[in-house]
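The block underneath contains the structure these notes are about, expressed in structure tokens.
The values are calculated or read from the model by the stated rules, or taken from the named source; none is laboratory data. This is a predicted model, so every value here is computed, not measured. Cβ sites come from the backbone with ideal geometry, for glycine too, and all protein chains shown count toward neighbours.
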Amino acid sequence: MIDFWLAAGLLLLVALSFLLIPVLRVRRAQLEEDRTALNVALYQERVAELQTQQEEGVLDAAQMDSGRAEAARELLADTEGLAAPRVSRLGKSLPLLAAILVPVLGLGLYLHFGASDKVELTREFAQAPQSMDEMTRRLERAVAAQPDSAEGLYFLGRTYMAQDRPADAAKIFERTVNLAGRQPELLGQWAQAQYFADGKKWSDKIQALTDEALKADPKEVTSLGLLGIAAFEGERYQDAIDYWNRLLAQLPPDDNSRSALQGGITRATEKLEASGGKVVQAPATKGALLKVRVDLAADLKAKVQPGDSVFIFARATSGPPAPLAAKRLTVADLPATVELGDADAMMPQLKLSNFPEVQLVARISRAGQPTAGEWVGRSQPLASSTTAPQKLTIDSPDK
């Protein structure tokens, strides 16, 4: 901040110079007027002295005229080069008053409307925090400076949870949901924080949050983990096993939490069997598989080339814009029936079955670019669990 205030001070000095220069000019003009008045007084005194000498008979008329002319020449020489006096309409007090008020008002306006706190935060975040407490303080200041930042609120809530402050985290996640919308992940985080803030007591509010999250996304991991914890604490061991198995299926093979989750499933199984129960294995679920027949509108057949690429893919209607599953054909292959499933996933963590609703898209691209082309066909949103064959016609310009 030092360089900022130095630059601000330099600009302030420049502004003050425009106000103080007229004051200095007025003082200079006053000095010149005072010197002129002194010279005139000396001239008048010299003339009076000459008149006295004439009356006493010391000087005759010719000497009198010569002395007066000499005094006049001296007065003219002393006043030669002096500018005509300027009449100031502002006076002396107004520029001085402005010179005082300008920096005061400028500083006040900057402190009120400026962003010095954000400048300081930017500098702080450029350096790695030395502790978790320091990171928390930075996030709190960032949220105070930008209260409408859902991202800042989210990270602050996660930090509060890491510091075992669930009550504070629950309030922050509630604000995040109000700003960013009722996204499944945010609802799950809010429910989890509220559960621990309430001393691990299940409530209708927590149940409603998890139900809403899983309705929007049946694979929402935080809600699945939380429901498993609540079921285990309530000695509903079969439910805990089912929730945790669903969560386990969503985690990547190298996820560090898989071992802890598997340990929880093992403990729930042991307690269920110790109480005389038997673990019921949930039926295996097949991955999503969509069958779609793709055809070309009749009026477009003369406008495309047999070798033009045709990209057929499914993307989530509410989620990442990247395709979840895709296949590539050519115009010569149309009409054709293709299957899009989890095996065609572009990325392992973005499987078709991980999203409840998708849209089918078929695009013709002469340049072979899947993201842009000449013609396209789009389906209405449909459930990723749909088993009925779908029809998709390429019939519109790709805009």
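Per-structure values
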| quantity | calculated |
| --- | --- |
| Residue in the range 273-280 that is among the β-branched types (Val, Ile, Thr) and assigned to a helix (DSSP H, G or I) present | no |
| Criterion (in a helix (DSSP H, G or I), in contact with a helix residue (DSSP H, G or I) (Cβ under 6 Å, 6 or more places away or on another chain) and crowded, with 22+ Cβ neighbours inside 10 Å) met by exactly one of Leu261, Leu214, Leu209 | Leu209 |
| Members of the range 330-365 that are modelled with pLDDT of 80 or more, small (Gly, Ala, Ser) and in contact with a helix residue (DSSP H, G or I) (Cβ under 9 Å, 6 or more places away or on another chain) | Gly341, Ser353 |
| Residue in the range 226-239 that is under 23 Å from Val177 (Cα atoms) and either touching a His at 6+ places or on another chain (Cβ under 6 Å) or of a type in the set (D, E, K, R) (or both) present | no |
| Matching option when the condition is modelled with pLDDT of 90 or more and either in a helix (DSSP H, G or I) or surrounded by 16 or more Cβ atoms within 10 Å (Cβ to Cβ) (or both), among Arg267, Arg293 | Arg267 |
| Qualifying positions in the range 346-360 - crowded, with 21+ Cβ neighbours inside 10 Å and assigned to a strand (DSSP E or B) | Val358, Leu360 |
| Per-region count, the range 296-319, residues surrounded by 13 or more Cβ atoms within 10 Å (Cβ to Cβ) and either over 30 Å from Ile394 (Cα atoms) or not basic (Lys, Arg) (or both) | 15 |
| Count of the range 169-206 residues which are within 14 Å of Ala230 (Cα to Cα) and part of a loop (DSSP other than H, G, I, E, B) | 6 |
| Residue that is modelled with the lowest pLDDT [pool: residues in the range 366-380 that are over 16 Å from Leu392 (Cβ atoms) and surrounded by 14 or more Cβ atoms within 10 Å (Cβ to Cβ)] | Arg366 |
